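Computed from the coordinates by the stated procedures, all read-outs in this text should not be read as laboratory data. All of these numbers come straight from a predicted model, not from anything done at the bench. Virtual Cβ from ideal backbone geometry, glycine too; neighbours counted across all protein chains shown.
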Amino acid sequence: MEADQFDVLIIGAGSAGCAIASRVSENPNLNVCLVESGPDYPLLQDTPGDLINSHNNSYVDHDWGFQYEPTQGRQDRFPRGRVVGGSSAVNTTIALRGMPEDYDDWAYLGNQGWDWASVLPAFKRLERDLDFGDKDYHGDSGPITIRRYPWEELEPQHQAFLDTAADLGYPECPDANDPQGYGAGPQPMNKLGRLRISAAVGYLAPARIRPNLTVRADTTVRELLFTGSRCTGAQVQPSNVPDGDQVSTLSARLVILCAGALMSPTILLRSGIGSKDQLAHLGKAPVRLAPGVGQNLCDHPALGVVCEVKDPSLIDFDRPIIQTILRYTAEGSDKRNDLQIEQISFAGRRGGPPLFMLAPVLEYQYGRGELTLSDLGVFTPPTVANRFCEDPRDAQRLATCMRDTLVFTQTGSLAQMIQGVTFPDASRGVAQEDLERLCRSFSGSGYHPCGTAKMGPQEDPMAVVDAMGRCHGLEQLVVADASIMPTVPRANTNLTCFMIGERIGEWVRTQPSEYGL
């Protein structure tokens, strides 16, 4: 077994991992290795078109191929990026922050330093906002460029969506990242033309010149290695060989796990960190009993209102898939902006009926799912059960959002474009109880999983890491990605993952003694 020695080993080159690699490698005295299971494209001219093209997601070529169970008895695909840049390299490039209350709640749960006032500097540091960079709650010189489509660049269906929102009395919201903002307006997006400003483009590209940063792509982590309770590195193998072939060791003084909300708990479980029952099922000797690993799965339940349009020329699969958003609060809710409606430019398949979609999304989720493993195979995917809308509070509010979305199809400029609604079937009922039943049966993921190795104080038995990402009961092991979020923020999670990377990356760089360096 070959061995390489580093100061800091970062596992997973996604949004948080690339940010941490960039920040930590600013210290020339720290030798940093960034490991990624997928391929790497160091030069933009060599990057495949599916990763460049931010007008639509990359669904196949750089995907893990995961499945999940959104509601009981249903299976569906769960796209996750498997490439340097992670899901930020394949996603829709929506650059939303979440509500200040989301982060204040994290701090209230015992995570000092994660309140809104504390995380705002990291949000500002990561962004280069081309529209509102002069505001005191925005940044204008960070690695992630953000802009919004002006009116003249909006597709006709998005212009109609905003006109209809105004007709329905929703206020205009020019900046969805205004901490006090709500209403309808353009999506903030980390894209320039077609170019997706991923973690690989924004964070990693400028850092690659540093001689103390090594990127090891196409390398799959088999398990973490321990001497007693001290993490000493990881056992790895090439991603394109059978399980057990060409095994080697990467040793490090500090290991930072950034593999995402699905793969970080998977690697922890394979390494003997998890609940007693799960480790017994796997036949894995415990390194640390941590019942929270794989639990507390949070996400954004969503549905789709699919509409056939009168004018087929409106539907162009080569145009931007999304440009606008409506954020608002459910009637009677004390969770601000807990609902969201998005206009999706096209739906269905090329050559099929001309369709677009409106997506009602529940942004504040009460229910929780779980992630488990069936066996210890290195390439065995996790079993993901979200249990969407089993909590009646979730079903009630998402059904309300569905009802509000249906009103859009019957009002103003948008209604004039629509030939008919193909889903949901109105003949099966559109009363509140009908829509709640629909939500319990057909909700799907907004693809924002988090919470599966949540941070919290030592006295919380379900907390896996502390407020600095350090694993409870273990030494020299940190988790820093969406899995440590105690709750899902009221926003797409990519910007929050960048923020986590900024926050923990800066702590490792400026307070190395806190991490045993």
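Brief remarks follow.
- log₁₀ of I(q)/I(0) at q = 0.25, 0.29 Å⁻¹ - segment 230-277, Debye sum with one point per alpha carbon: -1.14, -1.20
- Of the residues V508, V293, the one with the fewest other Cβ atoms within 10 Å heads the list, and the complete ranking is V508, V293.
- For segment 401-517, diffusion coefficient by Stokes-Einstein and Kirkwood Rh (Cα), 37 °C, 0.692 mPa s, µm²/s: 183
- Rg(Cα) / (2.2 N^0.38 Å) computed for segment 361-415, rounded to two decimals: 1.74
- Compactness check for segment 1-64: Cα Rg over 2.2 N^0.38 Å is 1.35.
- The order of S198, S445, S87, going from fewest to most other C-beta atoms within 10 Å of their C-beta, is S445, S87, S198.
- Annotation for segment 317-403: GluC sites (Glu not before Pro) lying in DSSP loop with at most 11 further Cβ atoms inside 10 Å of their Cβ are E331.
- Cα-Cα over 22 Å, subset of K135/K191; K191/K310; K276/K454: K191/K310
- Here K335 is the anchor, and the aspartates and glutamates within straight C-alpha reach of less than 15 Å, apart from those fewer than 8 places off in the same chain, are E101, D102, D104, D105, E363, D394.
- Geometric descriptor of the chain, per residue, is 142 Å³ (volume of the convex hull of the Cα atoms).
- Scanning the chain for long hydrophobic helices, with DSSP H runs required to stretch 20 angstrom or more by C-alpha along their axis and to average at least -0.5 on the Kyte-Doolittle scale, returns 392-408, 494-510.
- Anisotropy class of segment 118-183 from Cα gyration tensor, a/c 1.5 cut: oblate
- Toward the positive end of the charge dipole of the chain, with +1 on the Cβ of Lys and Arg and -1 on the Cβ of Asp and Glu, the farthest Cα among L303, F346, G260 is that of G260.
- For segment 394-509, the relative contact order is 19 percent, taking Cα pairs closer than 8 Å that sit 6 or more residues apart in sequence and dividing their mean separation by the residue count.
- Per-residue Cβ neighbour rank within 10 angstrom, fewest leading, I321, I209, I11: I209, I321, I11
- Size of charge dipole - segment 365-477 - debye, nearest 20, with Cβ of Lys, Arg +1 and Asp, Glu -1, no other charges: 320
- Calculated [222 nm] ellipticity per residue, helices only, for the chain: -6500 deg cm²/dmol; basis is -39500 (n - 2.57) per DSSP H run with n ≥ 4, divided by all residues, nearest 500.
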